[in-house]
Amino acid sequence: LGPVHNDDAVFIMNFILKWVESGTVVDHAKITKVRSVVSSLAQLVDVLSQGIGRRKPAAQRRSTGKSKKAPENNVPPQRGGFRRAISASSLSATSAQAPAPSNAKAYENVVIADALRDHTRDKCRAFINSLKGIMIGSDPESKEVMDRLTFSLSMENGFFWDDAYASDALDDMARSDIFKSVLTKLQGLVSCHPDEVEPKSKEARRRLTFFVNSLFMDMPNAPSIHDMFSWNVLTPYYKESVTLNKAELETRTDALGVSTMLYLQTLFKADWANFLERMGLQDEEKVWSKKYVDETRQWASIRAQTLNRTVSGMMYFEKAL
């Protein structure tokens, strides 16, 4: 939401982290309603994911970063109006202290058309309201969080009321590679169904299952590396390529009837699609370019050449030790 809301965001997050670390979340929030919060957050993340990547930031900032004031007039200024307060419950009292003079002209903002800003505002309001909805109002700490959330929605120079400031905030998001990376990960966490994130590869599922099961093993403490005997690995081979080259992979073999590469692409179809996505490739012909040829050879060799798997496993010993 930008720097204007930074203090409120830090205040709220500190309370939430405190509840999580102390295990008292259930004393401050209605856990049964968390699904509505996740749903509204997922909608907000989807809107940002679809719009931020296509957004073209403005060349110059639209806002000055200062609170907007009405044009000066001959009427002496009066104390009152909105001011920052710790509790949003004081908003109604402060706003009623001094009504604006009848002859004062309303400050008119230049209308800035920004569909992403308006859509983001709607989803962000829904998310904040859902957060307020799960707070237990009788709890003092929860009440402070609710007050901060209410105040964030009411700030006239903040994201929800200042069009120029909100558009600039979205432009800053569009320029930030870190924000885009975090947004992609967050979308995977809140938007994807569990079935969508489960690895489709049987080998990947087997390795993950083996690793998770090993976490529950009653393993003795490992001795010091200085107490180990020397570690040697002998791997016999005879006229074999550890890593297959392009000619070996694309040559048609009598045993398969097709090239080794085509056979692997067909047999490991999902793995091949994942490899192309990981490399950021749309055209399969580019896998043999200078930039990707080594990765392509390794991908194929680890699946087609037993010796490559043996050597790769042997090299993992160094990392493990």
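Per-structure values
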| quantity | calculated |
| --- | --- |
| Prolate/oblate/rounded label for the range 144-185 (Cα gyration tensor, a/c 1.5) | oblate |
| Inter-label distance for ASP218 and PHE11, nm, one decimal - labels placed 7 Å from Cα along Cα-to-Cβ | 5.3 nm |
| Virtual spin-label span in nm between ILE178 and ASN129, 7 Å along Cα→Cβ | 3.3 nm |
| Across LYS123/LYS180; LYS200/LYS291; LYS33/LYS185; LYS239/LYS286; LYS33/LYS123, pairs whose alpha-carbon gap is larger than 20 Å | LYS200/LYS291; LYS33/LYS185; LYS239/LYS286 |
| Debye, to nearest 20: dipole size of the range 161-244, +1 on Lys, Arg Cβ, -1 on Asp, Glu Cβ | 720 debye |
| Inter-label distance for VAL34 and THR310, nm, one decimal - labels placed 7 Å from Cα along Cα-to-Cβ | 5.0 nm |
| Under 5 Å, built H, 5+ apart or other chain: amide partners of SER259 | THR253 |
| Modelled FRET efficiency - R0 22 Å, SER49 with ALA113, Cβ distances, 0.05 increments | 0.55 |
| At R0 = 45 Å, FRET efficiency that the Cβ-Cβ distance of ASP195 and ASN245 yields, to 0.05 | 0.70 |
| For peptides 187-194, 157-164, sequence by mean Cβ density within 10 Å, most packed first | 157-164, 187-194 |
| Cβ-derived FRET efficiency at R0 35 Å, MET279 paired with LYS319, nearest 0.05 | 0.95 |
| Among PHE275, TYR292, GLY313 - extreme Cα towards positive end, dipole of the range 271-320, charges at beta-carbon | GLY313 |
| Amide H contacts under 5 Å for ALA29, placed H, 5+ residues apart | ILE136 |
| Signed unit charges on C-beta, dipole axis of the range 121-261, positive-most listed residue TRP161, PHE211, VAL145 | PHE211 |
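Since every read-out is calculated from the coordinates, none of them should be taken as a lab result. From a predicted model like this one, the values you see are computed outputs, not experimental measurements. Please note: Cβ atoms are built from the backbone with ideal geometry, for glycine as well, and neighbour counts cover all protein chains shown.
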